[in-house]
1. Can you give the accessible area of Thr70, probe radius 1.4 Å, in Å² rounded to 10?
2. Distance from the Cα centre of segment 83-126 to that of segment 12-54, in angstrom?
3. Taking θ = phi - 60°, what integer Hz values does the Karplus form 6.51 cos²θ - 1.76 cosθ + 1.60 yield along segment 25-30, in sequence order, with x for Gly and Pro?
4. Let me have the relative contact order for segment 15-58, percent, based on Cα pairs under 8 Å that are six or more residues apart.
5. Once amide H atoms are placed 1.01 Å from N in the peptide plane, what residues at a sequence separation of 5 or more from Leu76, or on another chain, have their amide H within under 5 Å of its amide H?
6. Counting Lys and Arg as +1 and Asp and Glu as -1, each charge on the Cβ, what is the dipole of segment 13-95 about the Cα centre in debye, to the nearest 20?
Amino acid sequence: NAGSGSTTLRRDATPPATPTLRIANGAATTKTTSVLLSLSATDGTNGSGLTTVRLRNDASTWSAPYAYATSASWTLDAVDGTRTVTVEYSDLAGNLSTAAAQILLDTAAPIGTLAIDGGADFTTKTAASLSLSVTDGAVGSGISQMRVANDLATLRSEEHTSELQSRLHLVCRL
């Protein structure tokens with residue numbers, strides 16, 4: 001039996017183009033280590049096709065490769081501060097390209113102090129002078145608001161509540 005046929009070979013020496021990575025939908029900060037990554041790259045009309053991605057935190061070891069997808073759940077290193085995630089895209093020919101993104105991880109609640117009438121333990125007055133102080137630590141994302149109320153129930157929906165006096169409460173929000 002004799003046969004004939006033809007095969008067309010294509011050379012792909014071009015890495016995946018326009019590699020991008022977004023952490024937590026492009027947020028500047030997060031208070032949790034579990035984030036969603038948005039992944040994107042193209043391989044052009046003459047490319048061999050995107051096949052796999054690998055991820056890593058900061059400059060640590062790469063994850064195992066897995067099939068290319070446009071999103072991935074990821075766990076940041078559990079150290080407050082600026083975290084960098086890097087993605088490496090690979091096409092069928094083995095060409096590689098990378099992209100990186102950063103986010104500020106801030107898991108620590110702000111710390112606040114409140115002084116009533118210059119430091120008194122209590123007051124019987126209906127109008128008192130309050131002195132407030134709040135810090136957000138060395139790598140904090142900043143204080144966006146502060147609320148004071150006479151009872152904790154008013155503030156229950158807030159994320160970080162510190163009881164400062166038996167009947168006076170302070171809430172600081174990241």
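The values are calculated or read from the model by the stated rules, or taken from the named source; none is laboratory data. All values derive from a computational prediction rather than experimental measurement. With ideal geometry, Cβ positions are generated from the backbone for all residues, glycine too; neighbour counts draw on all protein chains shown. For the accessible areas, the whole protein counts, side chains as well, though only heavy atoms, and no ligand, DNA or RNA atoms are used. Shrake-Rupley method; radii C 1.70, N 1.55, O 1.52, S 1.80 Å.
1. 90 Å²
2. 23 Å
3. 6, x, 4, 7, 9, 8
4. Working: 44 pairs, mean separation 18.4, N = 44.
Reported relative contact order: 42 percent.
5. The answer is Ser34, Val35.
6. Working: 5 positive and 6 negative charges, 34 e Å.
Once rounded to the nearest 20, the dipole reads 160 debye.
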